[in-house]
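**Q** Dropping the structure in here first, questions after.
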Amino acid sequence: MKKLLCAAGLSLALAVSAGAQAADKIAVVNVSSIFQQLPQRATVAKQLENEFKGRASELQNQERDLQTKMQRLQRDGSTMKASERSRMEKDIMTQREAFSTKAQAFEQDNRRRQSEERNKILSRIQDAVKKVADDEGYDVVIDANAVAYASNSKDITADVLKQVK
């Protein structure tokens, strides 16, 4: 039984190494470099900034108002009537909770939209990588950041960048 398992393991190892040798046309591509160089990235960033500008300014105004109230309470709290101070503290707490909730929702929405747009761009890059690899007959394309050393591989970053633009 042990001999059968050893033979099966050895034949599997040989099959894997033979399969790896069959993939002789290997290329590398620097996806992060392409992403940084794309002019669409700046356009998308500006679009997202405009999309969230209203909410961001609303949050800034709300934060400024909250800070003003907190400073007033700190400055005048000792001279206020107890009922007035208590009402102001409750108002500040309510406003702080509302601000926190809105700020968290804003951050989540902003992150989600940035992720969506980044994924769209990365999908376009991946499609371009596939097209260049098919056109030039590469069997394997590896991200340059994942490779420590590749002597027999061609860098197709420039070709992919042309394809995406």
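**Q** Could you list all residues from segment 75-92 that are surrounded by fewer than 12 Cβ atoms within 10 Å (Cβ to Cβ) and assigned to a helix (DSSP H, G or I)?
**A** Residues satisfying the conditions are ARG75, SER78, THR79, ALA82, SER83, SER86, LYS90.
**Q** OK, next. List the pairs whose first member sits in segment 62-78 and is touching a residue at least 40 places away in the same chain (Cβ under 8 Å), whose second member is in a helix (DSSP H, G or I), and whose Cβ atoms are under 6 Å apart, counting only residues at least 6 apart or on separate chains?
**A** Once the first residue is touching a residue at least 40 places away in the same chain (Cβ under 8 Å) and sits in segment 62-78, its partners that are in a helix (DSSP H, G or I) give GLN62/PHE99.
**Q** Checking the conditions here, which among GLN126, GLN60, GLN71, GLN104 is closer than 13 Å to VAL29 by Cα, part of a helix (DSSP H, G or I) and open to solvent by 90 Å² or more (accessible area, probe 1.4 Å)?
**A** GLN126
**Q** Still on this structure: Does GLU97 satisfy being open to solvent by 70 Å² or more (accessible area, probe 1.4 Å), out of contact with any Asp or Glu (no Cβ under 7 Å at 6 or more places or on another chain) and in a helix (DSSP H, G or I)?
**A** Here the answer is yes, as GLU97 does meet what is asked.
**Q** Modelled with pLDDT of 95 or more and out of contact with any strand residue (DSSP E or B) (no Cβ under 8 Å at 6 or more places or on another chain), is that true of GLN37?
**A** Judged against the criteria, GLN37 is not a match.
**Q** Among the residues of segment 130-157, write down those that are in a helix (DSSP H, G or I) and open to solvent by 60 Å² or more (accessible area, probe 1.4 Å).
**A** The answer is LYS130, LYS131, ASP134, ASP135, GLU136, ASN145, ALA146.
The values are calculated or read from the model by the stated rules, or taken from the named source; none is laboratory data. Note that the coordinates shown come from a computational prediction; the quantities given were computed from them, not determined experimentally. Don't worry about glycine lacking a Cβ; one is built from the backbone with ideal geometry, like all the others, and counts go over all protein chains shown. Heavy atoms of the whole protein, side chains included, go into the accessibility calculation; ligands, DNA and RNA do not. Shrake-Rupley method; radii C 1.70, N 1.55, O 1.52, S 1.80 Å.
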